[in-house]
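Here the structure is laid out as C-alpha cells; the discussion comes afterwards.
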Amino acid sequence: MEQPVIELRKLTKKYGDFFAVDHLDLSISKGEIFGLLGPNGAGKSTTILMMLGLTEPTSGQVRVCGIDSTVNPIDVKRRVGYLPDDVGFYDQLTGRENLLYTARLNRLPRQEAEQRVDRLLARVGLYDDAGKKAGKYSRGMRQRLGLADVLVKNPEVIILDEPTLGIDPIGVREFLELIVSLSREEEITVLLSSHHLHQVQQVCDRVGIFVAGKLLAQGNVAALSKALFSDKEPYVIEAKIANMSSDATDSVVEALKLQLLGLDGVGSVQFDTDRFYIGGTQNVSVDVAHAIVNSGLGLASLSMKEYGLDDIYVKYFEGGELYEKTA
Ligand SMILES: Nc1ncnc2c1ncn2[C@@H]1O[C@H](COP(=O)(O)OP(=O)(O)OP(=O)(O)O)[C@@H](O)[C@H]1O
C-alpha cells in the first residue's frame, strides 16, 4: 500500500497536566480531502502546528510526505501549504505583488514566478482584481488570495485551518468548490479543519470527529454513523397508517407488530396512534411496505431515518439528545 501523506502515531501534546492532543492516530492518503471536525478547543490547531513542526509533540510521531515534522520542519514547510483563518498580506501591495513576493521568498526565477502567479490569480478568480491593493480586498477575496499564495510553491499538501470564517455563503461555496477541483486536478492532499459540519460534509472524502484532544471516529459518513451509533439501531423506519379509526384494527396491528419484528435486521417495533417505528440494522422499507399493505391496512407514508453527521454533531458538539421516538 502507498505510504500515507500525513501520518500521526500516538501523537500527544500536553500543557502541564492537560492533554490538548491525546494519543492521536491518523493516516491520510495522497489526493484525499480529509475533514478534521471538532468544536472550539478540541485540539485541531495544536495538531496542525505539530504537523507543520511549529510546536513539538510531548510524545508520539508526526510524518508529513514521509518527513518527520519534529525533526525536519523546514523540509515539511517546503512541501506543505498552510492557510490559517486569516492570512497576513502586505496591505499596501497589490494581490499580484503579494504573490510575487512569496514566489521570490521561494526562490522562483522571475519569469516562471510571473507566469505561475498569473495562472494562479486566474485559477482563484482574482485575475481582474490582481492590481488592487490587498488591503482593499474583501474577506472572501483575501482567502482566495491566501489559497493562491500557498499554491505558489506547488505544495503536495494543503492544510486549511477554519478557512471560511467570516465569508458569506456564496463565497464559502465558491471557495470549497475551488478546493475540491484543485485537489482532484493536481492530486493535492487536503486537510480541512473546521467546526462547520455542513462545509466539511460537502467537500471531504473522509471526516475525523475530534473532541477533547481525541479522535472519536473517522471515515465517510456511513462508517462514522456505524462506529458512533453501533449501540443504537442505525435505521429507523416510520410508517404512517391511513384511516386508523376502527377498534377492529387493534388485532391487525398486534399481528403486524410481531410480523415486522420477525423480519431480518429488525430489532424493535413500536406503534403509536397511527404509526409504526421499526428500528434495526438494515433498510427493510420494502418489506415493511409489503407487510402493511398485505395486512389490509392502508399505508399513508413511509420514511427512513439514517444517522448522519447531523446526529453526530448534536451528540458530540451540542450535547443534545440524539434521537427521540414517541413512546
Ligand atoms: N500554549 C498553550 N498553553 C496552554 N494551553 C493551550 C495552549 N494552546 C492551546 N491550549 C489549549 O489546548 C486546547 C486545544 O486548543 P486548540 O487551539 O488546538 O483547539 P482548536 O480545536 O483548534 O480550537 P479552535 O477552533 O477554538 O482554535 C484548548 O483547551 C486550549 O486552551
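The values are calculated or read from the model by the stated rules, or taken from the named source; none is laboratory data. Quick caveat, the model's predicted, so the values are computed rather than measured. Note: ideal-geometry Cβ built from the backbone for every residue, glycine included; neighbour counts use all protein chains shown.
Structure notes:
- Elements of the type strands (runs of 3 or more DSSP E) sitting completely within the range 186-235 and holding at least 2 residues that are modelled with pLDDT of 80 or more and surrounded by fewer than 22 Cβ atoms within 10 Å (Cβ to Cβ): these cover 206-211, 214-219.
- Out of Val152, Val124, Val157, sole residue that is in the same structural domain as Pro84 (by TED's automatic domain parsing) and over 23 Å from Gln199 (Cα atoms): Val152
- Residues of the range 45-58 satisfying the condition of being touching a Gly at 6+ places or on another chain (Cβ under 9 Å) and surrounded by fewer than 23 Cβ atoms within 10 Å (Cβ to Cβ): Thr46
- For the range 41-54, the condition of being more than 19 Å from Ser194 (Cβ to Cβ) and more than 9 Å from the ligand (Cβ to nearest atom) holds for at least one residue.
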